[in-house]
């Protein structure tokens, strides 16, 4: 996608270099900075510290982290140590474990002398695969936007509500929930996006930053404004992302997604989830019982970071001294509240039967 008109990915390797470059998302939307990762520990810190975030990008970063580990030491012991280190960086997004498994299995069968080159090649392939998945999700989701546009008066925008950031910053390129938006915008469909800010890290601001770079009309709203907008007919479609989707269609996503789904159901607004297959956990059937919910630092709730009047990015405390804070990173939306899953193979029902039929090769392995 584009930053100031220049094409960028969220993670990349420069030609002839094995260093991995990432956009430091802790500095966005106020500063655009690039970090170079040259060791597996740096990759793990980038994931844990949310310098990279979003389930697909976490997975790709883990893949590159394992490649960096193999360049350091290609022994079996280091391979397992690196997998453990990276695997513990974030607990909720299944893409992390998926990517490590996709890397570990073939690497363990190779001679140590061949592992580093093979690891970088496999990580590159996983990155390219992620782009392809997002493009396919975009094409299938575009049909939903087209249908919504067909019911509007000439010049009247299709209003899409997003939650958190499931954009290209959360993937390698295009994004999941945003891919249909970008494709519809490029097709000339009149759009307006409500970007839900998602406290405590205000990741809807990242969506707004992305959309602004591409000229997509948008408005940032507080987390709990979604229900109000739907009550007043100001939302045509909700499109959310997912960090883990169960084999039965339950969806784990940024905290507050469940409330958006409840409001959508109450107001007859379609609620779609952009779900690439690496985000589907075929080993879990009950999202509430089976998906680990990450609990992050209290400081993310008690403090807020922003751009000060003097132009500096700084954090200020918003909660009383001595008050404790709970910081649940995700919640689970039951399948019954999901209108459909937008996958790389089409828009399907959020059900065990539809998921198994669409991805039989994944289901058979469980």
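Just a few scattered comments:
- Evaluation of residue 232 against (1) touching a residue at least 40 places away in the same chain (Cβ under 8 Å); (2) at negative phi; (3) surrounded by fewer than 24 Cβ atoms within 10 Å (Cβ to Cβ) (one fails), failing number: (1)
- Where helices (runs of 4 or more DSSP H) fall entirely within the range 16-118, those with at least 3 residues that are in contact with a strand residue (DSSP E or B) (Cβ under 7 Å, 6 or more places away or on another chain) and outside the structural domain of residue 205 (by TED's automatic domain parsing) are at 55-72.
- Of all the residues in the range 167-205, those that are under 26 Å from residue 303 (Cα atoms) and buried (at least 24 other Cβ atoms within 10 Å of the Cβ) number 7.
- Residue check, residue 324 exposed (fewer than 14 other Cβ atoms within 10 Å of the Cβ) and in contact (Cβ under 8 Å) with a residue 12 or more places away in the chain: yes
- Residue match in the range 70-86 (condition: within 19 Å of the chain's Cα centre (by Cα), closer than 30 Å to residue 250 by Cβ and surrounded by 18 or more Cβ atoms within 10 Å (Cβ to Cβ)): yes
- Residues located in the range 177-200, provided they are closer than 18 Å to residue 1 by Cα and under 17 Å from the mean Cα position of the chain (by Cα): 177, 178, 179, 180, 181, 182
- Taken residue by residue, the range 330-341 has at least one member that is free of Cβ contacts under 8 Å to residues at least 60 places away in the same chain, surrounded by fewer than 19 Cβ atoms within 10 Å (Cβ to Cβ) and touching a helix residue (DSSP H, G or I) at 6+ places or on another chain (Cβ under 9 Å).
The values are calculated or read from the model by the stated rules, or taken from the named source; none is laboratory data. Owing to the predicted nature of the structure, the values given are computational and were not obtained by experimental measurement. No Cβ is skipped: glycine too gets one built from the backbone with ideal geometry, and neighbour counts run over all protein chains shown.
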